[in-house]
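Worksheet: the structure to be examined is printed underneath.
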Amino acid sequence: MRRRLLAAEAVAAGLLVLLSTACGSRLPESDFEGGRGTGPAPPAGAEPIRVGIIASATSPVGGQAFTGPRDGAQAYFARLNARGGIDGRKVEVRTCDDGGSGVGNNECVHKLVDEQKVVALVGTTVLDYAGAPRVSAAGVPDIGGQPIGPAYDTYPHLYSIYGSRAPREGGKPGWNGKQYGGTEVYRYFKREHGAKTAAVVSYNQSASAAYARLITRGLKAEGYKVVTQQVDFALPNFRAVAADLKQQGADLVFDAMDTHGNAQLCRAMDAVGANVTAKVTNAQNWTSTVADDYKDAPRCRNNLWVTGSSRNHDDEKHPAVREFREATKGAETRSQWQLEGWAAAMWFTDAARSCGADVTRACVDRFMERAEPYSARGLLVPVVFEQRPEPPRTLRTCLSVARWKDGQGWVTQGGDMNDNCFEVPQLFYEP
């Protein structure tokens, strides 16, 4: 499986130890009012098309940690409804907050799938997807979910925003319990910036430490000298870590931490004068709140880089990004997860349109099972779903790269994401 899934594991690792997070944002309710009668009237007697969105809007890791995809999807459907819906039928969005628990997730699945009979789930973003087996057993397509955990590499009818090549037969995740990710991010910085030494910083917490080990394996596979640092979650000494990074001459800094921990590390790096080529984070931290989150670390802040598998949400030159930004102009903040939720809603819409007048779970699922890659009008690195009996040893993988610059926001690096590609080894990890 591509390294994009490892990025999702980073999200999980960070979120499991968070007290709060600055990721995601809630759009004003007025932005969702487009579906309330402002568009052309549907044909007489036309029933709305009902979809569900499950998000851990409240959870042990803090509010709004998982709401970006939900908000992006809702913004897309509001805009769609304002323009007449799908062949004159409005999309009726039913949301459910599972509270970040397995029990709550099962309750949401029962409510949306069994009671409200949604045609599909869209943009699922949850801490514990305990209800995934029930979604799969009901044949409900789950479209464009964030793969936090192994469910999207385990069950049929579940389609993550990043795709999958695993058998997905409902047993063990991936291939006999192993998932795979590539080394393209490390290859990129080695090729483009000549990086040779990389530091990996984590908490002394199991999930954070496990993801740090994965990063370390990938870096070593690409020939890096790796410096590992671990800090106490309760009483982190980031200044000591920053001083060691400076002494070791690290070119890159990767982490398995939350936004708050990253901001503290950046502040310490500025304080001791630790200059690096790039402080690299993942798509969950690809937000417009960087100036506030890292306000006390201007040097490190302007060395923040992010990688992912979707087009930079600040790239207004691209028409699909412009449409997203126009529809979310009322948002206090924007994030890459919002854009990916928008893309997930577009994906469902294209699937539903392929069904004509009879939009059913089975018809939508057939669209998702097509062999053709899907790009959401260029917002996603083309996504594929295969069922390979054996894991790939190497894959050609493309990635989106951006760097934060004060006054400009996130600036795309490395050219177009569909040309920024590498043939890289696939390394296994066990969820």
From the list THR95, THR154, pick out the single residue that is over 24 Å from VAL359 (Cα atoms) and of a type in the set (Ser, Thr, Tyr).
THR154
Within the bounds of region 175-188, is there any residue that is under 15 Å from ASP255 (Cα atoms), open to solvent by less than 10 Å² (accessible area, probe 1.4 Å), among the hydrophobic types (A, V, I, L, M, F, W, C) and touching a strand residue (DSSP E or B) at 6+ places or on another chain (Cβ under 8 Å)?
yes
Residue hits (region 400-416; hydroxyl-bearing (Ser, Thr, Tyr) and open to solvent by 40 Å² or more (accessible area, probe 1.4 Å)) are THR412
So, in region 90-104, how many residues would count as being more than 21 Å from the chain's Cα centre (by Cα), open to solvent by 20 Å² or more (accessible area, probe 1.4 Å) and under 13 Å from SER59 (Cα atoms)?
1
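Can you tell me which residues in region 75-121 are of a type outside the set (A, V, I, L, M) and farther than 29 Å from ALA151 by Cα?
The initial filter retains those residues of region 75-121 that are of a type outside the set (A, V, I, L, M), namely 76-77, 79, 81, 83-85, 87-90, 92, 94-102, 104-108, 110-111, 114-117.
Once the filter is applied, which keeps residues that are of a type outside the set (A, V, I, L, M) and farther than 29 Å from ALA151 by Cα, region 75-121 yields ARG79, ASN81, ARG83, GLY84, GLY85, ASP87, GLY88, ARG89, LYS90.
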Pull up region 244-292, narrow it to residues that are closer than 17 Å to LYS190 by Cα and among the hydroxyl-bearing types (Ser, Thr, Tyr), then point me to the one that is farthest from the chain's Cα centre (by Cα).
THR277
Would you check if there is a residue in region 298-314 being open to solvent by less than 20 Å² (accessible area, probe 1.4 Å), farther than 30 Å from LYS178 by Cα and not in a loop (DSSP other than H, G, I, E, B)?
yes
Exactly one condition in (1) surrounded by 24 or more Cβ atoms within 10 Å (Cβ to Cβ); (2) modelled with pLDDT of 95 or more is not met by ALA271; state its number.
(1)
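Go through region 354-392 residue by residue and tally those that are of a type in the set (D, E, K, R) and on the phi > 0 side of the Ramachandran plot. Even if it seems obvious, please write down each step before you answer.
The initial filter retains those residues of region 354-392 that are of a type in the set (D, E, K, R), namely 358, 361, 365-366, 369-370, 372, 377, 386, 388, 390.
Next, from what is left, pick out any that are on the phi > 0 side of the Ramachandran plot: 377.
Matching residues across region 354-392 total 1.
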Qualifying residues in region 189-215 (those that are closer than 30 Å to ALA130 by Cα and open to solvent by 20 Å² or more (accessible area, probe 1.4 Å)) - the one modelled with the lowest pLDDT:
ALA207
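Kindly indicate the residue of region 230-248 that is open to solvent by 60 Å² or more (accessible area, probe 1.4 Å) and in contact with a helix residue (DSSP H, G or I) (Cβ under 6 Å, 6 or more places away or on another chain) and also farthest from SER202 (Cα to Cα) among those meeting that condition. Spell out the reasoning first.
Filtering region 230-248 for residues open to solvent by 60 Å² or more (accessible area, probe 1.4 Å) gives 230, 232-235, 237, 239, 246-248.
Still in the list and also in contact with a helix residue (DSSP H, G or I) (Cβ under 6 Å, 6 or more places away or on another chain): 239, 246.
Working: ARG239: 14, LYS246: 17 Å.
Per the stated criteria, the residue is LYS246.
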What about GLY170, is it open to solvent by less than 40 Å² (accessible area, probe 1.4 Å), outside any loop (DSSP other than H, G, I, E, B) and not hydroxyl-bearing (Ser, Thr, Tyr)?
no
Could you grab me the full set of residues in region 153-168 that are in contact (Cβ under 8 Å) with a residue 40 or more places away in the chain and not small (Gly, Ala, Ser)?
ASP153, HIS157, TYR159, ILE161, TYR162, ARG165, PRO167, ARG168
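Pick out the one residue from ARG361, ARG334, ARG325, ARG377 that is open to solvent by 70 Å² or more (accessible area, probe 1.4 Å) and at pLDDT 95 or above. Walk me through it before giving the result.
Numbers: ARG361 fails: open to solvent by 70 Å² or more (accessible area, probe 1.4 Å); ARG334 fails: open to solvent by 70 Å² or more (accessible area, probe 1.4 Å); ARG325 fails: open to solvent by 70 Å² or more (accessible area, probe 1.4 Å).
One residue alone meets the criteria, ARG377.
From the list VAL135, VAL113, which one is buried (at least 24 other Cβ atoms within 10 Å of the Cβ) and among the β-branched types (Val, Ile, Thr)? Please lay out each step first, then the result.
Working: VAL113 fails: buried (at least 24 other Cβ atoms within 10 Å of the Cβ).
Being buried (at least 24 other Cβ atoms within 10 Å of the Cβ) and among the β-branched types (Val, Ile, Thr) holds for just one of VAL135, VAL113, which is VAL135.
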GLU340 passes all but one of the listed conditions (1) of a type in the set (Asp, Glu); (2) assigned to a loop (DSSP other than H, G, I, E, B); (3) under 17 Å from the mean Cα position of the chain (by Cα); the exception is number (2)
Taking region 67-89, which residues are hydrophobic (A, V, I, L, M, F, W, C) and either open to solvent by 10 Å² or more (accessible area, probe 1.4 Å) or touching a Gly at 6+ places or on another chain (Cβ under 7 Å) (or both)?
ALA73, PHE77, ALA78, LEU80, ALA82
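The values are calculated or read from the model by the stated rules, or taken from the named source; none is laboratory data. Everything numeric in this text was worked out from a predicted model, so none of it was measured. Every residue, glycine as well, gets a Cβ built from its backbone with ideal geometry; the counts of neighbours run over all protein chains shown. Surface accessibility is based on the protein's heavy atoms, side chains included, excluding ligands, DNA and RNA. Shrake-Rupley method; radii C 1.70, N 1.55, O 1.52, S 1.80 Å.
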